[in-house]
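For reference, the structure is listed below as structure tokens.
The values are calculated or read from the model by the stated rules, or taken from the named source; none is laboratory data. Since the model is a prediction, treat every value here as computed from it, not as a measurement. All Cβ positions, even for glycine, are placed from backbone atoms using ideal geometry, and neighbour counts span all protein chains on display. The area values use the complete protein model at the heavy-atom level, side chains included, leaving out ligands, DNA and RNA. Shrake-Rupley method; radii C 1.70, N 1.55, O 1.52, S 1.80 Å.
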Amino acid sequence: MKEKQTLTIALSKGRILEQTLPLLAAAGLQPAEDVQTTRKLMVDGDFHGQPVRFLIIRAADVCTYVEQGAADLGIAGRDSLLEYRPQVYEPLNLNIGRCRLCVCGPKALVEAGAPARGSRIRIATKYDHLASEYFLSQGVQAEIIHLYGSMELAPLVGMAERIVDLVETGGTLRANGLVEETTLYDISSRLIANPASFATKREAVGQVIEGLRQAVEGNVVGEGA
Ligand code: PRP
């Protein structure tokens with residue numbers, strides 16, 4: 001009998017993992033140990049008798065693992081897909097991790113109006129390409145200051161006039177005296193797939209997509225109930 005090939009699935013660490021686990025469980029994807037507490041970065045698991053392994057990595061790295069073929073499938077935010085534009089398939093919107101990518105700034109500055117065409121401003125962000133693209137479209141000369149997190153601090157210390165960052169509840173903005181100026185994109189998590197895996201592991205990949213599709217539909221129905 002032909003041995004089943006292991007399927008590798010990259011999961012994002014952090015707050016999104018909590019919302020991912022019920023979907024995995026509903027689809028029949030079962031890690032052999034608690035991926036939220038383990039210090040292991042690779043955890044074995046099972047999908048209806050099909051061997052699976054889960055990679056537990058940073059959100060921004062999921063695209064790279066899937067694009068390189070180190071993972072067959074992955075769960076990545078639309079923000080990362082838009083920023084890095086990896087060569088991957090995107091078969092399913094998982095409808096979790098919902099938030100928005102916004103331009104934000106100190107209340108007084110935002111109330112004074114959007115930056116004028118031809119003006120120069122400093123933007124703190126980890127979304128260098130998306131921020132550059134947006135301000136270019138507005139005719140504003142943006143100096144991008146790349147940060148890895150806690151973007152909301154930059155305007156408070158006078159390092160930037162605006163930030164481009166994710167907003168979920170708005171709590172971090174409020175706590176730091178910032179407000180939203182413009183929403184650039186609505187964001188949610190997507191299932192992504194390596195194009196070659198689609199061909200070489202067609203059956204298993206297809207079954208995971210279908211299992212997750214049904215789990216997402218159940219989730220959406222459940223949300224409204
Ligand atoms: C994200 C994001 C904002 C915050 C928004 O950061 O970058 O800072 O969440 O959420 P809220 O609108 O519900 O307050 P995260 O906590 O993931 O950490 P990071 O700053 O290290 O990216």
- L82: surrounded by fewer than 19 Cβ atoms within 10 Å (Cβ to Cβ) and either assigned to a helix (DSSP H, G or I) or small (G, A, S) (or both), yes or no? yes
- Item | Tabulated pairs, the range 1-30, first among the hydroxyl-bearing types (S, T, Y), second surrounded by fewer than 18 Cβ atoms within 10 Å (Cβ to Cβ), C-beta under 8 angstrom, 6+ apart or interchain | T6/P51; T6/R53; T8/R53; T8/A70; S12/R58
- Pick out the one residue from E143, E161 that is in contact (Cβ under 8 Å) with a residue 12 or more places away in the chain, open to solvent by 70 Å² or more (accessible area, probe 1.4 Å) and of a type in the set (D, E, K, R). E143
- Determine whether the range 133-140 contains at least one residue that is in contact with an Asp or Glu (Cβ under 8 Å, 6 or more places away or on another chain) and among the small types (G, A, S). no
- So which helices (runs of 4 or more DSSP H) are wholly in the range 112-225 and hold at least 2 residues that are farther than 23 Å from R100 by Cα? 195-200, 202-224
- Task: Give the range 159-204 a look and list any residue that's more than 16 Å from the ligand (Cβ to nearest atom) and more than 30 Å from A27 (Cβ to Cβ), or say none.
- Result: E161
- Task: Output yes when any residue across the range 114-135 is touching a residue at least 40 places away in the same chain (Cβ under 8 Å), outside the structural domain of Y65 (by TED's automatic domain parsing), within 16 Å of the ligand (Cβ to nearest atom) and closer than 30 Å to A25 by Cβ, and no when none is.
- Result: no
- Message: Here's a check for you: in the range 184-203, which residue that is aliphatic (A, V, I, L, M) and at pLDDT 95 or above is surrounded by the fewest Cβ atoms within 10 Å (Cβ to Cβ)?
- Response: A196
- Please enumerate the residues belonging to the range 31-51 that are open to solvent by less than 80 Å² (accessible area, probe 1.4 Å) and touching a residue at least 60 places away in the same chain (Cβ under 8 Å). F47, Q50
- Please verify whether the range 139-159 includes one or more residues that are over 24 Å from R85 (Cα atoms), among the polar types (S, T, N, Q), within 20 Å of the chain's Cα centre (by Cα) and at pLDDT 95 or above. no
